[in-house]
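Asker: Pasting in a structure now, in structure tokens, and then I'll have a few things to ask.
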Amino acid sequence: QVQLVESGGGLVQAGGSLRLSCAASGRTFSWYVMGWFRQAPGKEREFVTAISRTGGSTDYADSVKGRFTISRDNAKNTLYLQMNSLKPEDTAVYYCAASGGRISTKGNEYPYWGQGTQVTVSS
């Protein structure tokens, strides 16, 4: 199995940027489809974006299209999420997740999860 550790969260003003990282260890990182999900207080976890094993295919939630970019570096076993033009409604705990299957927006199709990193966007 794979172990995942997120980093890069923090407090940022609206309109600002952050880059999250997710370091993977254990089994070969390139075997996994990777995704980012988030959960705001009092809300259900929601899909943000996902990327194929090679990075050739991606999927984004409508709420982040044009603002967020997912990428991966298989040589460094690391997943990234570049977040630009941040809004207060982006405030949440962000989780990276790994799946041995195909790209999916459904969290229950990702067996492996990190512990999350807090992103807070002030207005």
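The values are calculated or read from the model by the stated rules, or taken from the named source; none is laboratory data. Worth saying up front: this structure is predicted, and the values here are computed from it rather than measured. Virtual Cβ from ideal backbone geometry, glycine too; neighbours counted across all protein chains shown. These accessible areas exclude ligands, DNA and RNA; they are computed on the full protein's heavy atoms, side chains included. Shrake-Rupley method; radii C 1.70, N 1.55, O 1.52, S 1.80 Å.
Asker: Determine how large the accessible area of residue 87 is when every protein chain is in place; take a 1.4 Å probe and give Å² rounded to the nearest 10.
Answerer: The value for residue 87 is about 80 Å².
Asker: Please count, across the chain, the pairs of lysine residues with Cα atoms under 22 Å apart that sit 8 or more places apart or on different chains.
Answerer: 5
Asker: Would you kindly calculate the mean projected area, averaged across all directions, of the convex hull enclosing the Cα atoms of the stretch 1-55, in square nanometres?
Answerer: That works out to 5.0 nm², a quarter of the Cα hull's surface.
Asker: Among 55, 26, 35, which one moves the most in a GNM of the chain with springs linking Cα atoms closer than 10 Å?
Answerer: For the chain, modelled as a Gaussian network with Cα springs under 10 Å, the answer is 26.
Asker: Another one. With θ taken as phi - 60° and the coefficients 6.51, -1.76 and 1.60, list the Karplus ³J(HN,Hα) couplings across the stretch 25-30 in order, rounded to whole Hz; mark glycine and proline as x.
Answerer: 9, x, 6, 4, 4, 5
Asker: Let me ask something else. Considering only protein heavy atoms and a probe of 1.4 Å, how much of the accessible area of the chain is carbon and sulfur, as a whole percent?
Answerer: C and S fraction of accessible area: 45 percent.
Asker: Continuing with this model, one more query. Just for the chain, what percent of DSSP beta bridges are antiparallel, to the closest 5?
Answerer: Counting DSSP beta bridges with both partners in the chain, the antiparallel share is about 90 percent.
Asker: Excluding residue 33 itself, calculate the net charge of residues whose Cβ lies under 15 Å from the Cβ of residue 33, where each Lys or Arg counts +1 and each Asp or Glu counts -1.
Answerer: So the environment of residue 33 carries a net charge of +3.
Asker: Running a GNM on the chain with Cα contacts under 10 Å, which residue among 100, 56, 66 ends up with the highest mean-square fluctuation?
Answerer: With Cα springs under 10 Å in the chain, the top fluctuation among 100, 56, 66 is at 56.
Asker: On average, how much accessible surface per residue is there in the stretch 13-123, in Å², for a 1.4 Å probe, leaving out ligands, DNA and RNA?
Answerer: Heavy-atom accessible area per residue stands at 50 Å².
Asker: In the neighborhood of residue 57, defined by Cβ-to-Cβ distances under 14 Å, what is the net charge if each Lys or Arg adds +1 and each Asp or Glu adds -1?
Answerer: Result for the neighbourhood of residue 57: +2.
Asker: Across all directions of projection, what mean area in square nanometres is found for the Cα convex hull of the chain?
Answerer: Mean projected area for the chain: 6.7 nm², to one decimal.
Asker: Still on this structure, I have one more. How large is ³J(HN,Hα), in whole Hz, for each residue of the stretch 61-78 in order, when computed from phi with the Karplus curve 6.51 cos²θ - 1.76 cosθ + 1.60 and θ = phi - 60°, using x for Gly and Pro?
Answerer: 5, 4, 5, 10, 4, x, 10, 10, 9, 9, 8, 8, 10, 5, 5, 9, 6, 9
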